Amino acid sequence: MGSRSFLARATRRFVAAATLAALLPAGSALAAEPLPPQRVVKDPHYGDTLFHFFQDHYFTSITTLMTSQHFDRVPAHADEAEVLRGGLLLSYGLHREAGQIFAQLIEKGASPKVRDRAWYYLAKIRYQRGFLAEAEQAIDRVENHLPPELEDDRGLLKANLLMARGDHAGAATVLNGMARRPGAGQYARFNLGVALVRSGDTAGGSALLDEIGRAPQPNEEFRTLRDKANVALGFAALQDERAEAARGYLERVRLESLHANKALLGFGWAAAALKQPAKALVPWTELAQRDDSDSAVLEGRIALPYAYAELGALGQALERYNEAIVAYDREGAHLNESIAAIRAGKLVEGLIDRNPGDEMGWFWTLRELPELPHAGHLAQVLAEHEFQEAFKNYRDLRFLSNNLQHWADNLGVFGDMLANRRQAFAQRLTQVQASAKANESGLDAVQRRRDTLAGDLERAESQADGVAFADARQRELQVRIDGVRAALKEQGSDPQFATAPDRVRLAAGALSWQLAQDYPARVWEAKKALQTIDSELAEARRRDTALAQAQRDEPARFGKFDGRIAELDRRIQVLIPRVAALSREQQQVVQDIAVAALTRQQERLTAYLTQARFAVAQLHDRATLAKEADRAPAQ
């Protein structure tokens, strides 16, 4: 299984299971228990993180999450957020940081099932990354709480780790226990056969591989595994000089299989070992017509004339050797062109151009080969785990470089925005200060007037003076009554106005009665209005104080923003050349890996070319000796 397909599947499973169990399908490997009721995202910022996660924007998701955690915006999902962060870090290969997060969560009391999944996936990715000791430490912490399908994977991983450090017997013990269980997986049985052979139990391992090599298989994946088992058996038998058995094993391999070229080569050598060169011609003739980029095909090109030579067909053998030499020279020139193109950067740039992406991440996979002179040389190179890991690192560095440049540009925009705000603030500051001063004097006048009104209210209330609370109409009536009284006093005892004083007293009494009736309500209204004035004055003074405080604080805020922008710009300007240098170094690593693989092909090609030329020389020598032998009797 390739590391990319595993990472995409494993991290999605683990993160989803640990954080969003309610969203998992019932058949998921991590949904071993019945699904709980649908869970509600309580913190909007956590929902934002999940939105980006399920959109496959993993870099945006983790940066959004870490920002929200920094500002304590996801308190309702604190543990889930940490598991999500750990899973995303794990997907980027940061297994140490992810391990620390998982360990902390486990110490806080995570369930055994979540704990075992965490350690299993951590071990798996450490193994894929080549950290074997750390992977063993993690796999040893897994207990017995994995679902059955992951339990099988755990056993395979444990066996692979044992074989990686040469303990084939220990790996065989682990795999033997798995293989004995009902429904044991084909990979477990295949690996057990390999482990037994490597541990010295050749008979037991061969018997198990032979069983796999004979069994009908339901799909292409397992049919390919069957072919692989037969090829392994065939070449093991050739090494043990059991040519007849080797031929039987290799006959089972399908001609369209990925392993067909190697099987054809081995079948021919088995026939040659049995002194049947004529039977070797058929597989080697077929093999020689296939793509020269395969090392088995290159070997087949010199194996075919060898068979003709063994049959005594020296002319045909010489012709085939010469054809092989021409093919090797041509292939060597093609390899040189491919190596030159790789060193010129065309491979890396071509892969980036034909496999674009807007996010960094370990889930990305190569889909299209670049346009190079001989792209077929790269098929095996690109399939190698080492190359894919190196190229992913390069691609992520490219993403980080673009991301840093984007933020560098944004910081320039932020700086311009801050300068505009500072300029606008400076322009309005004088107006604001003048307005604040005017407001301050106005508030003092209002306060003095309020105090006067409060004193008048207190005096009027103490004297129960209803006249003090008279409205405008009542004050007008009072003025008219007082005027009439004064006029009557001037008239003296004029009989014409004899009844007027009584009428004035009646009107004055009615007015006094009305004022007495209105007095309680108007006192209450006056007190209420006074309270409203006090409240409004307090609010006005609070705003005035806040305005003054803002006038003092705003320049300081501008200064803080200036400092933050300057500090971030400094950090980004330090990081940009570092990432650029790392990108160049990583590009060189990627190119070196590809060149090394093609160089190994060149070395094999040189060896085959030397053998072919040596065989041609031998054939010429044999022909010369034959001619001399024919002339000898005549002399």
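The magnitude of the dipole of region 488-635, with charges of +1 and -1 set on the Cβ of Lys/Arg and Asp/Glu and taken from the Cα centre, is near 660 debye. Mind checking the angle between helix 202-214 and the chain's longest principal axis? C-alpha axes, 0 to 90 degrees, to the nearest 10. Its long axis makes an angle of about 70 degrees.
Principal semi-axes of the equivalent ellipsoid, √(5λ) from the alpha carbon gyration tensor of region 539-635, are 91, 9, 5 Å from largest down. Looking at the square roots a ≥ b ≥ c of the eigenvalues of the Cα gyration tensor of region 161-257, which shape do they give, rounded for a/c under 1.5, prolate if a/b is larger than b/c, or oblate? Judged from the Cα gyration tensor, region 161-257 comes out oblate (a/c at least 1.5, b/c at or above a/b).
I need the calculated FRET efficiency for the pair Glu107 and Asn402, taking r as the beta carbon distance and R₀ as 45 Å, to the nearest 0.05. Before the final figure, lay out each step's value.
Values: r = 39 Å, r/R0 = 0.86.
Approximately 0.70, to the nearest 0.05.
Cross-link partners for Lys228 among the lysines, with Cα-Cα distance under 18 Å and sequence neighbours closer than 8 places in the same chain left out: Lys262.
At 0.36 nm per residue, minus the direct Cα-Cα distance, what do Glu319 and Lys275 gain on full extension? Give it in nm, one decimal, please. Numbers along the way, then the final one.
Working: separation 44, 0.36 × 44 = 15.84 nm, distance 2.22 nm.
Length gained, Glu319 through Lys275: 13.6 nm.
For region 395-413 versus region 462-537, the inter-centroid distance based on Cα atoms is 82 Å.
In this rough spin-label picture, where each label sits 7 Å from Cα along the Cβ direction, the Ala76-Asp621 distance is 8.8 nm. Dividing the Cα radius of gyration of region 54-163 by its Kirkwood radius returns 1.00 for Rg/Rh. What the chain shows is 55 Å² of accessible area per residue, with the surface traced by a 1.4 Å probe over protein heavy atoms. For the chain, the longest principal axis of the alpha carbon atoms and the long axis of helix 295-310 meet at an angle near 10°. Leaving out ligands, DNA and RNA, and with a 1.4 Å probe, what % of the accessible surface on the chain is carbon or sulfur? About 53 percent, which is the carbon plus sulfur part of the accessible surface. Can you give the angle from 0 to 90° between the axis of helix 472-491 and the longest principal axis of the chain, with both taken from C-alpha atoms, to the nearest 10? That works out to roughly 10 degrees.
If you average 1/r across every pair of different Cα atoms in region 188-346 and take the reciprocal, what Kirkwood value do you get, in Å? List each step's numbers first, then the result.
Working: mean 1/r = 0.0587 Å⁻¹.
That comes to 17.0 Å for region 188-346.
Pairwise alpha-carbon distances in region 298-350 exceed 15 Å for 56% of all pairs.
Assign unit charges at the C-beta atoms only (+1 for Lys and Arg, -1 for Asp and Glu), then state the dipole size of the chain relative to its Cα centre in Debye, rounded to the nearest 20.
Numbers: 81 positive and 84 negative charges, 97 e Å.
The calculated dipole for the chain is roughly 460 debye.
Helices in the chain, meaning DSSP H runs of at least 4 residues, each add -39500 (n - 2.57). Divided by all residues, the mean residue ellipticity at 222 nm is -27500 deg cm²/dmol.
Any idea what the relative contact order of the chain is, in percent, if you count C-alpha pairs under 8 Å spaced at least 6 apart?
Numbers: 619 pairs, mean separation 67.0, N = 635.
It rounds to 11 percent for the chain.
Label sites at Gln137 and Asp409, each approximated as a point 7 angstrom past Cα along Cα to Cβ, lie 4.3 nm apart. Between Leu311 and Glu384, residue separation times 0.36 nm minus the direct Cα-Cα distance comes to 22.3 nm. Sorting the segments 550-560, 602-612, 192-202 by their residues' average number of neighbouring beta-carbon atoms within 10 angstrom, most packed first, yields 192-202, 602-612, 550-560.
Net length available on complete extension from Asp553 to Asp444 is 36.7 nm, with 0.36 nm assigned per residue and the Cα-Cα distance removed.
The modelled label-to-label distance between Arg254 and Leu575, using points 7 Å beyond Cα along the C-beta direction, is 4.9 nm.
For the chain, what does the alpha-carbon gyration tensor say about shape, rounded, prolate or oblate, given a ≥ b ≥ c as the root eigenvalues, a/c under 1.5 as rounded, and a/b over b/c as prolate? All intermediate terms of the calculation are to be shown ahead of the outcome.
Details: a/c = 5.34, a/b = 3.11, b/c = 1.72.
Taking the square roots of the gyration eigenvalues as a ≥ b ≥ c, the chain is prolate.
The values are calculated or read from the model by the stated rules, or taken from the named source; none is laboratory data. Being a predicted model, the structure only gives us computed values, none of them experimental. Ideal geometry is used to build each Cβ from the backbone, glycine not excepted, and the neighbour counts take in all protein chains shown. Please note that ligands, DNA and RNA were not included when accessible areas were found on the heavy atoms of the full protein model with its side chains. Shrake-Rupley method; radii C 1.70, N 1.55, O 1.52, S 1.80 Å.
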